[in-house]
Protein chains: 2
Amino acid sequence: MGIVTETMVAADAREETRARIEQAALDLFTAQGFEAVTIDEVADAAGISRRTFFRHCGTKADAVWGQFDGHVVRLEGMLAAAAADQPVLASVYAAYVEVNDYAPADLPMLRQRMRLILTEPALLAHSQVRYADVDRVVAAHVARRTGVAPDALVPRLVATSTRAAATTAFELWLADGRITLGTALHQAFDELAAGFPSLRLPG
Amino acid sequence: MGIVTETMVAADAREETRARIEQAALDLFTAQGFEAVTIDEVADAAGISRRTFFRHCGTKADAVWGQFDGHVVRLEGMLAAAAADQPVLASVYAAYVEVNDYAPADLPMLRQRMRLILTEPALLAHSQVRYADVDRVVAAHVARRTGVAPDALVPRLVATSTRAAATTAFELWLADGRITLGTALHQAFDELAAGFPSLRLPG
DNA sequence: ACCGTAGGTGACACCCAGTGCCACCGGCAA
DNA sequence: TTGCCGGTGGCACTGGGTGTCACCTACGGT
């Protein structure tokens, strides 16, 4: 029991330190640009050494991405818990909406993160690596539900295109201050799931 | 006239040097892995200096990506030349198929490139930056044809999801030695354009 | 034939991200 | 007190990428 408590405390302290570093990094990156800020400057701002920065954040990009792993795990859990009678596409849809249902207090920092990720080339590049994890999880879910291999066309395609829809929704939300993230996700998924109905309207 | 000829010759020689460097890089990366090979080794293999490598290829990743800019330009041209009475999605579909219609002689090198790009994390990351250019071109086309802003939902979504379909087709083609790249593209696009009909078959 | 120029090249110095290693310091248990 | 252990900082090193300078070569003009 004592061990558990101590472990939790240590983990919390570690989280807190990491959060402090990330906040310092986000502020500096936002103010001066991702490439223009060196790790030394971030470390100085966070009151730690350069070496400690890397121990906590791994890479410069990870300082912006933060605990994205947790998102993937949560998404995986939601997909696993999806009702079996729900259409596959609907379950992916719902999981994406739910995993991106942020508390209002978290939205400003999310905006800050996403603006950097979608603006800075180095971070945009890094996103592909993160997305690959998401795609694997979604493709595995689709494969399980449809009884085909995870690396077959449909599971892969559903994974990549739904994720494309989600990122598009993020871009829209970021560019347009009025639209809700949930609304943007719904619009994008509805459009995708129906085969782009709004393109057929004029013709 | 003389100037034009000289310029062309110089450009050709430059292309040739670049092609030689790229081939040396591809071979080394394929044999030993992207990260395990240093620029010095590539430069040595190509018979040039480290500095000259960067002058010709820009970055390590660009040595693998090669003349991708040309692809984007060609895609843009095809979209611009698409028949006005053709459905928008069909024009994007056709352009993607056409721009990826490689000569049989080019297929081995394409396989080599794509295997690296889809396998090596650093190259996968870089792909997002290249894809962004493609997406911009496609989104602009869709926006022009539908009369909405290029950064609106539908143009962006069409761009990202069709590109997702194309990359999925590439993955399939790479993993399965029997399927044609064109066939894979057709399958992916048909599935996407119809709103994933094969998911609806069982239900 | 001579000279000036421009482009390609190589060598060098530098910046910065990322890693391995070691030494230190704090707390905690025996 | 002693020994251990996790976090930390310092240091050195690798490797990608860039700026700068000197050189050399090929070409055009005189």
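The values are calculated or read from the model by the stated rules, or taken from the named source; none is laboratory data. Nothing here was measured: the structure is a model prediction, and the numbers come from that model. Methodologically, a virtual Cβ is constructed for each residue, glycine included, from the backbone with ideal geometry; neighbour enumeration extends over all protein chains shown. Ligands, DNA and RNA are stripped out before the accessible areas are found, and what is left, the full protein with its side chains, is counted by its heavy atoms. Shrake-Rupley method; radii C 1.70, N 1.55, O 1.52, S 1.80 Å.
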query = B:Thr30 versus A:Ala84, label points 7 Å from Cα toward the beta carbon: distance in nm?
reply = 4.7 nm
task = Calculate one ³J(HN,Hα) per residue across the range B:33-38 by plugging θ = phi - 60° into the Karplus curve 6.51 cos²θ - 1.76 cosθ + 1.60, and present them in order as whole Hz with x for glycine and proline.
result = x, 4, 6, 6, 9, 8
remark   = Mean per-residue count of partner chain Cβ within 10 Å for A:118-125 equals 3
query = Ignoring ligands, DNA and RNA, what accessible area per residue does chain B give at 1.4 Å, in Å²?
reply = 48 Å²
ask   = Hey, for A:Ala83 with labels 7 Å out along Cα-Cβ, what do the inter-copy distances come to in nm, ordered shortest first?
value = 4.6
ask   = Taking Cα centroids, how far is the range A:128-144 from the range B:138-168 in Å?
value = 23 Å
key: Compactness of the range B:1-139 as Cα Rg over 2.2 N^0.38 Å, two decimals   = 1.20
inquiry  = Given a 1.4 angstrom probe, I'd like the percentage of the accessible area of chain A that is carbon and sulfur, rounded to a whole number.
reply    = 58 percent
inquiry  = Over the range A:67-195, what is the relative contact order in percent, taking alpha-carbon pairs closer than 8 angstrom and at least six residues apart?
reply    = 25 percent
ask   = So how much accessible surface do A and B hide from each other in total, probe 1.4 Å, in square angstrom to the nearest 100?
value = 3000 Å²
ask   = Once the dipole of the protein assembly as shown is set up with Lys and Arg at +1 and Asp and Glu at -1 on Cβ about the Cα centre, which of A:Gln67, B:Ala194, A:Val154 lies farthest towards its positive end?
value = B:Ala194
ask   = Taking θ as phi - 60°, what are the ³J(HN,Hα) couplings along the range B:95-111 by the Karplus curve (6.51, -1.76, 1.60), each to the nearest whole Hz, with x for Gly and Pro?
value = 5, 4, 5, 5, 5, 9, 8, 7, 5, x, 5, 8, 4, x, 5, 4, 4
Cα radius of gyration and Dmax for the protein assembly as shown (Å) = 23.0, 86
ask   = Based on DSSP H runs of at least 4 residues, each adding -39500 (n - 2.57), what is the mean residue ellipticity at 222 nm of chain A after dividing by all its residues, to the nearest 500 deg cm²/dmol?
value = -25000 deg cm²/dmol
query = When the Karplus curve 6.51 cos²θ - 1.76 cosθ + 1.60 is applied with θ = phi - 60°, which whole-Hz ³J(HN,Hα) does each residue of the range B:130-144 get, with x for Gly and Pro?
reply = 5, 4, 4, 5, 4, 4, 4, 5, 5, 4, 4, 5, 4, 4, 4
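Take every residue in peptide B:148-159, count the Cβ atoms of other chains within 10 Å of its Cβ, and give the average of those counts.
5
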Whole-angstrom gap from the range B:67-103 to the range A:59-97, using each part's C-alpha centre = 33 Å
ask   = What is the diffusion coefficient of the range A:117-203 in µm²/s, taking the Kirkwood radius over Cα pairs and the Stokes-Einstein relation at 25 °C with a viscosity of 0.890 mPa s?
value = 172 µm²/s
